[in-house]
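Visitor: Could you have a look at this structure, given as C-alpha cells, before my questions?
The values are calculated or read from the model by the stated rules, or taken from the named source; none is laboratory data. This one's a predicted model, so the numbers in the text were calculated from it and none came from an experiment. Neighbour counts are summed over all protein chains in view; Cβ atoms, including those assigned to glycine, are modelled from backbone coordinates with ideal geometry.
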Amino acid sequence: MASTKQKRGIVLTEEQQRIRRTRSIALALVLAGFAILFYLVTIVKLGPGVLNRPL
Amino acid sequence: MNQAGASRSAEVLPGFSDVADYFALLKPRVMSLVVFTALVGLLRAHGDLHPFLGFTALLCIAIGAGASGALNMWWDADIDARMGRTCARPIPAGRVPAGEALAVGLTLSVASVVMLGLFAGFLAAGLLAFTIFFYAVIYTMWLKRWTAQNIVIGGAAGAFPPMIGWAAATGSIGLESIILFLMIFFWTPPHFWALALLRKDDYARVGVPMLPNVAGDQETRKQIVIYAAIMAAVGVLPALLGFAGIFYGAVSAVLGAIFFALALDVWRKTRGAAAEMAARRLFAFSVLYLFLLFAVLLVEGMGW
C-alpha cells in the first residue's frame, strides 16, 4: 500500500488540477502579452530604425 | 509582523491559489482610481508621447499600484484578519500564502518601474518607484501603526499618479501636475477620516492609531472641516491659474462648496444615527467629488 502511494507521489484533486490549469493559462497569456507589448513598443519607439545598425 | 497571515496561509498550498485571488491582491478598485488620475495627468500634459507609449505608461502605473497593494496586504495580513472590512482579503482568508503575495508585490514593483523607465523615461519611473516605496514602506510599514497623521502623510502616495502621468508625457514636472497632486493630497484626510469615524471600533481593536481613536471624534470632525476648506480652495486653483476653463471653475466651486457643507454637517451632528449618516454621506460624496473634478479636467483637456 505504502509503496503504491510512493510510486504515485502527490495526487492532485480535481479542484487543484483545475486551479493549476487556469493559473498556467493565465501565466501563458500574460507572458505572451508582454512579448507582444515589447515588440510593439520597439516598433513604435524605433520604427524602421530598428534595422538600421552596423554589422 | 504578520503572524496571523503567515499561519492562516498554511491552509493553501503554494501555487494553488486561484487567479482571481492573485488579482484581488492588486486592489483593483484602488488601481482603477490610480489609472484614472494618471490618465488625466498624462492627457493634460499635452506632451509628444506616442499614444501607444501613453497606454503602456498607464499599464506600468497600474501594475506598480497593484504591486504596492500586494505589498500592503502582505504586511498588514495580521490586522486585516481582525477587521470586518478586510478579513476576506486573500491572505487572511487563507487563499494566498503570505510569501507568494510578497513575491508578486516585489516582482511587479521591479517590472513596472523598469518597463516605465524603458517606455516613457526615467523621471516617471523614478516617481513610480518612489510612490511604491512611499506606500509600501513609509505608509504601510511605518506611519500606519505609529501616528494619527498616517493618512495625511501617507496620502501623498495616492496623490502621485497624475504627476507620474505628466512626467511620462513630458519628461518634466509642471506646476499643473503639482496642483493635481495637491488636489488629491488634501482630499485624502477628510475622505479617510469620514470612514474612520464609521470604523473606529475596527481600528481600535487592531491598534491602528486613526485620528478618532487618538484625538477623539470631535477633534477629527474639526480636522475634517479644516482639510475640506483647504481641499475646496485647492480644487479651484486649476481654473484660477488658467490651466482649466470656466466650466471647470464653476464645477469645482460648486462641488467644493457641497463638500464643505457636508463636512460642516459632520462637525455639527455629533451623536447617534444622524452623526453616522453625516459621515457616510461625506465619505460617499468625497469619491464622487474627486471623480467628477478629474473627469471635467479630462474632458476639457481633450478639447471636447
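Visitor: Pull up region B:104-122, narrow it to residues that are more than 22 Å from the chain's Cα centre (by Cα) and small (Gly, Ala, Ser), then point me to the one that is nearest to the other protein chains (Cβ to nearest Cβ).
Guide: B:120
Visitor: Okay, moving on. Considering each of B:294, B:259, B:247 in turn, give the residue that is in the same structural domain as residue B:195 (by TED's automatic domain parsing), farther than 18 Å from residue B:43 by Cβ and either of a type in the set (Ser, Thr, Tyr) or assigned to a helix (DSSP H, G or I) (or both).
Guide: None of the others qualify; the one that does is B:259.
Visitor: Restricting to region B:15-30, give me the number of residues that are buried (at least 18 other Cβ atoms within 10 Å of the Cβ), more than 13 Å from every other protein chain (Cβ to nearest Cβ) and at pLDDT below 95.
Guide: Of the residues in that region, 0 qualify.
Visitor: Further, regarding this structure: Kindly establish whether residue A:42 is in a helix (DSSP H, G or I), modelled with pLDDT of 85 or more and over 29 Å from residue B:18 (Cα atoms).
Guide: Taking the combined requirement at face value, the residue satisfies it.
Visitor: Quick one: is residue B:220 farther than 19 Å from residue B:289 by Cα, surrounded by 23 or more Cβ atoms within 10 Å (Cβ to Cβ) and not aromatic (Phe, Trp, Tyr)?
Guide: yes
Visitor: Looking only at region B:231-243, how many residues end up being in a helix (DSSP H, G or I) and either in contact (Cβ under 8 Å) with a residue 60 or more places away in the chain or farther than 29 Å from residue B:177 by Cβ (or both)?
Guide: Total satisfying the criteria: 1.
Visitor: Taking the residues in region B:204-230 that are in contact (Cβ under 8 Å) with a residue 12 or more places away in the chain and of a type in the set (Val, Ile, Thr) as candidates, determine which candidate is farthest from residue B:256 (Cα to Cα).
Guide: Selected residue: B:206.
Visitor: Can you give me the number of residues within region A:20-43 that are hydroxyl-bearing (Ser, Thr, Tyr) and at the interface with chain B (Cβ under 9 Å from one of its Cβ atoms)?
Guide: Within region A:20-43, residues that are hydroxyl-bearing (Ser, Thr, Tyr) and at the interface with chain B (Cβ under 9 Å from one of its Cβ atoms) number 1.
Visitor: Test each condition in (1) within 15 Å of residue B:144 (Cα to Cα); (2) in a helix (DSSP H, G or I); (3) modelled with pLDDT under 95 for residue B:208 and report the one that comes out false.
Guide: (2)
Visitor: Consider residue A:53 carefully, then state whether it is farther than 24 Å from residue B:112 by Cβ, at pLDDT 90 or above and not small (Gly, Ala, Ser).
Guide: Here the answer is no, as residue A:53 does not meet what is asked.
Visitor: Let me ask something else about it. Would you mention how many residues in region B:55-72 are within 13 Å of residue B:116 (Cβ to Cβ) and either away from every other protein chain (no Cβ under 14 Å) or in contact (Cβ under 8 Å) with a residue 60 or more places away in the chain (or both)?
Guide: 8
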